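See structure below.
The values are calculated or read from the model by the stated rules, or taken from the named source; none is laboratory data. As the structure is a computational prediction, the values presented were derived from the model and not from experiment. Cβ placement follows ideal geometry from the backbone for every residue including glycine, while neighbour counts extend to all protein chains displayed. For the accessible areas, the whole protein counts, side chains as well, though only heavy atoms, and no ligand, DNA or RNA atoms are used. Shrake-Rupley method; radii C 1.70, N 1.55, O 1.52, S 1.80 Å.
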Amino acid sequence: MKRLAVFFVVLGFAVAALYFSQRRTDHTPVSANAILNMAADAQRDLTRAPMRLTHISDAEETRIGDELAGRYALQGQKLAAEDQGLEKYVVKVGGTVAVHAHRHLPYRFHLLPDHALLNAFSLPGGHVYIGRGLVDLLTTEDELANVLAHEVEHIDHYHCAERVQLEARLKKLRLDAVSEVLQIPLELWETGYHKDEEMEADREGMHLAVLSGYSPYGAVSVFERFAKLHQEYVIHAESPEQELSELAV
């Protein structure tokens, strides 16, 4: 009797769900995108799981970051007087933001004197870099603070540490050997992270900037400016002919 009652309850829910689904006026397009996205997220989480369970120590992470930063110091050109003053400004703003980070690491901030570099990135252990091109694009200290806070959060939330561990595992590198750590290409840090990690850095970076006394609208204005640049300079062709003509332009 009890089983029969449960059967009728389940049947009622099924009929009700079918009824209301048929009454909906908007029809969601059917595709495999949701399943593919779910599978991709699951694969990413499974890949990151060992990294989360076996975080390297802060001291080891800082050592690895210092070794990688040494390569940047060797490759970078000597800063001109104007760039030296600008780097001091970056260090000041970055230091104000880093005080409120969760992890008490030796955060250090650097300016890369490349006017074509519209990018900022971070290394494990606390090194944060920003290109002169990106600094030139910013118009307020609030914007600079939000950009630097975003990069601090990539370190603060172990995104950089997990990336170096994953790279070492894929290439079978020993992180306790300097020669093998230096085999990790510096370009690895200049690329973005997974969308979830980027959104986490956006959200937490904005919060960090606010804790440091800066306006969250600095982040909003940076997002708007990059969206405008993307709209202006990225090809949005709708046919091969349009793409060829825009490439020619």
Margin query: Please list, in order along segment 117-122, the HN-Hα scalar couplings obtained from phi with the Karplus expression 6.51 cos²θ - 1.76 cosθ + 1.60 (θ = phi - 60°), rounded to whole Hz, x for Gly and Pro.
Written below: 8, 9, 8, 9, 7, 9
Checklist line | At R0 = 22 Å, FRET efficiency that the Cβ-Cβ distance of R71 and F226 yields, to 0.05 | finding: 0.20
Next item on the list: Skip the ligands, DNA and RNA, and give the accessible area per residue of segment 61-124 with a 1.4 Å probe, whole Å².
Entry: 52
Check: For the peptides 193-202, 106-115, what is the packing order when you average, over each peptide's residues, the other Cβ atoms within 10 Å and list the highest mean first?
Finding: 106-115, 193-202
Next item on the list: Any lysines with Cα under 27 Å of the K171 Cα? List them, leaving off those in the same chain fewer than 8 positions away.
Entry: K195
Check: Spin-label point model (7 Å from Cα, Cβ direction): what's the V99 to V178 distance in nm?
Finding: 3.5
Next item on the list: Output ³J(HN,Hα) for segment 226-231: one whole-Hz value per residue in order, computed from phi by the Karplus curve 6.51 cos²θ - 1.76 cosθ + 1.60 with θ = phi - 60°, and x for Gly and Pro.
Entry: 5, 5, 5, 4, 4, 5
Notebook entry, point to check: Given a Förster radius of 41 Å and the C-beta distance between E60 and E141 as r, what FRET efficiency does 1/(1 + (r/R0)^6) yield to the nearest 0.05?
Noted result: 0.75
Check: So for segment 175-220, Kirkwood radius off the Cα pairs, Stokes-Einstein at 10 °C and 1.306 mPa s: how many µm² s⁻¹?
Finding: 122
